[in-house]
1. In region 19-36, what residues are among the aliphatic types (A, V, I, L, M) and either touching a residue at least 60 places away in the same chain (Cβ under 8 Å) or touching a Gly at 6+ places or on another chain (Cβ under 8 Å) (or both)?
2. Applying the selection to region 92-119, what residues are more than 11 Å from the ligand (Cβ to nearest atom), among the hydrophobic types (A, V, I, L, M, F, W, C) and assigned to a loop (DSSP other than H, G, I, E, B)?
3. Within the bounds of region 75-92, is there any residue that is acidic (Asp, Glu) and in contact with a helix residue (DSSP H, G or I) (Cβ under 9 Å, 6 or more places away or on another chain)?
4. Filtering region 22-42 down to residues that are over 17 Å from residue 102 (Cα atoms) and part of a loop (DSSP other than H, G, I, E, B), which residue is nearest to the ligand (Cβ to nearest atom)?
5. Of all residues in region 43-91, which are of a type in the set (A, V, I, L, M), assigned to a loop (DSSP other than H, G, I, E, B), surrounded by fewer than 17 Cβ atoms within 10 Å (Cβ to Cβ) and away from the ligand (no atom under 15 Å from the Cβ)?
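No value in this document is a laboratory result; all are computed from the given coordinates. Computed from a prediction, not measured in an experiment: that's the story for all the values here. A quick note on method: Cβ atoms are made from the backbone with ideal geometry, for glycine too, and the neighbour counts reach across all protein chains shown.
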Amino acid sequence: MVIAIMALVVAVPLFAQNVVDVTGQSGSVKEIEVSSTGLRFSPNEIRVNLGDTLRITYRNGGGRHDWVIDEFDAATPVIAGGQSATVEFVADRAGTFEFYCSVSGHRAAGMVGALVVVE
Ligand SMILES: [Cu+2]
C-alpha cells in the first residue's frame, strides 16, 4: 500500500498534461509563457483560437534549448539556462501542431508539446 501511494506521487507529475488554454480570453494577441525543466516543456499543451496572434516567451530553466514550431515557421534562438526569448506568430491554421526543442536529441527524448488551434 505504501509503495503504491509512493508510486502514484512520483508518476503523476511526470505524466501530467500541463495545459494552458487561452481560447476563452478576449483580444487577438495572446501572451503565453513556456518554461522548461530538464527536457520537459511546461505547459506541454497550448490551446488557442484560429487567428490569434501568439507571443510566446520561452524561459529556459537550464541547459541549451529553443522553442520551435515548424508549421508556423516560428522559432526562438537556442538560449542558455536562465535566459528567455520571445517569438510571435499568427495561428492561421487550425489543427494540432507539435512544438519542440531542436537541439540534437531533445525532441526524440520528449522535449515536445502540442499547440492546438481551435476553429
Ligand atoms: Cu532542448
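1. 34
2. If the condition is that a residue be more than 11 Å from the ligand (Cβ to nearest atom), among the hydrophobic types (A, V, I, L, M, F, W, C) and assigned to a loop (DSSP other than H, G, I, E, B), then 94 is the only one that fits.
3. There is at least one residue in region 75-92 that is acidic (Asp, Glu) and in contact with a helix residue (DSSP H, G or I) (Cβ under 9 Å, 6 or more places away or on another chain).
4. By that ranking, first place goes to 22.
5. 50
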